[in-house]
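The values are calculated or read from the model by the stated rules, or taken from the named source; none is laboratory data. This is a predicted model, so every value here is computed, not measured. Heads up, the Cβs are rebuilt from the backbone with ideal geometry, glycines too, and the neighbour counts pull from every protein chain shown.
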Amino acid sequence: MADIDTGHLIYLVILLVMVGGWFFMQTREGLNKTLQYAAVWGMIFIGGAAAVGLWQDISRDTRQSQISFSGTDQIIVPRARDGHYYLTVQINDTPVRFVVDTGATDMVLTQADASRAGIDLQTLSYLGRANTANGQVRTALVRLDDVRLGAVTDHDVSAVVNEGQMQQSLLGMGYLQRWGRIEISQGELILTR
């Protein structure tokens, strides 16, 4: 904590103790009633905090779906509350939600997303290796017939299926480099073909 923050904290604690002490001394005879009031105000505070948290969840879910397609060659994606950019891409006519990861070399599919997109997991050969934050994982190279984002469709796109546990598929540079321009500005990811 910075010195100025510590000073403010000490001041607020002393002020709280003084106000609380005065309040306690004034209501010694009616202490039971005071405790009841404190419980009511505590419940009001907890209810208000819960309402604020619920509102933040609702507004986050609403904001995430506001991807705009500007003409046929530009996609504008707002930054999510967690700081990432998310896109839903049609893989072989199946919607797959990706987190945009410019640090990933390839388009990386989870096994669940690969299976939903029609890839037979039993026939995959996990011969590749990838270094991740959680260590090294094995990967299998696949070719995707159709990859559609907005009005743009690419055919015969290279991707990998991760053998390890992943929560989300990654939209890496293997796919992003197909776009002519990738820009992040004022909390928006802009892809231009």
Quiz item: Since Thr153 meets every condition but one in (1) surrounded by fewer than 14 Cβ atoms within 10 Å (Cβ to Cβ); (2) under 23 Å from the mean Cα position of the chain (by Cα); (3) on the phi < 0 side of the Ramachandran plot, which condition does it not meet?
Solution: (2)
Self-check item: Hits in segment 68-83 - residues which are under 17 Å from Tyr175 (Cα atoms) and modelled with pLDDT of 85 or more
Solution: Gln74, Ile75, Ile76, Val77
Quiz prompt | Pair list, Cβ < 7 Å and 6+ apart or interchain, from segment 149-171 residues that are free of Cβ contacts under 8 Å to residues at least 40 places away in the same chain and under 21 Å from Ile75 (Cα atoms) to residues that are surrounded by fewer than 18 Cβ atoms within 10 Å (Cβ to Cβ) and basic (Lys, Arg) | solution = Asp154/Arg178
Exercise. Among what's in segment 74-122 and is among the aromatic types (Phe, Trp, Tyr) and outside any loop (DSSP other than H, G, I, E, B), pick the residue that is surrounded by the fewest Cβ atoms within 10 Å (Cβ to Cβ).
Key: Tyr86
Self-check item: Residue that is out of contact with any Asp or Glu (no Cβ under 7 Å at 6 or more places or on another chain) and β-branched (Val, Ile, Thr), where the choices are Val137, Val161
Solution: Val161
Quiz item: Is there a residue being farther than 30 Å from Thr123 by Cβ, surrounded by fewer than 18 Cβ atoms within 10 Å (Cβ to Cβ) and polar (S, T, N, Q) anywhere in segment 162-185?
Solution: yes
Quiz item: Can Ala133 be described as exposed (fewer than 15 other Cβ atoms within 10 Å of the Cβ), within 20 Å of Thr94 (Cα to Cα) and among the hydrophobic types (A, V, I, L, M, F, W, C)?
Solution: no
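Residues checked against (1) assigned by TED's automatic domain parsing to the domain that holds Leu87; (2) under 25 Å from the mean Cα position of the chain (by Cα); (3) modelled with pLDDT of 90 or more:
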{"position": "Ser115", "(1), (2), (3)": "yes, yes, yes"}
{"position": "Thr123", "(1), (2), (3)": "yes, no, yes"}
{"position": "Ala133", "(1), (2), (3)": "yes, yes, no"}
{"position": "Thr139", "(1), (2), (3)": "yes, yes, yes"}
{"position": "Asp146", "(1), (2), (3)": "yes, no, yes"}
{"position": "Val161", "(1), (2), (3)": "yes, yes, yes"}
{"position": "Gln167", "(1), (2), (3)": "yes, yes, no"}
{"position": "Leu171", "(1), (2), (3)": "yes, yes, yes"}
{"position": "Arg178", "(1), (2), (3)": "yes, yes, yes"}
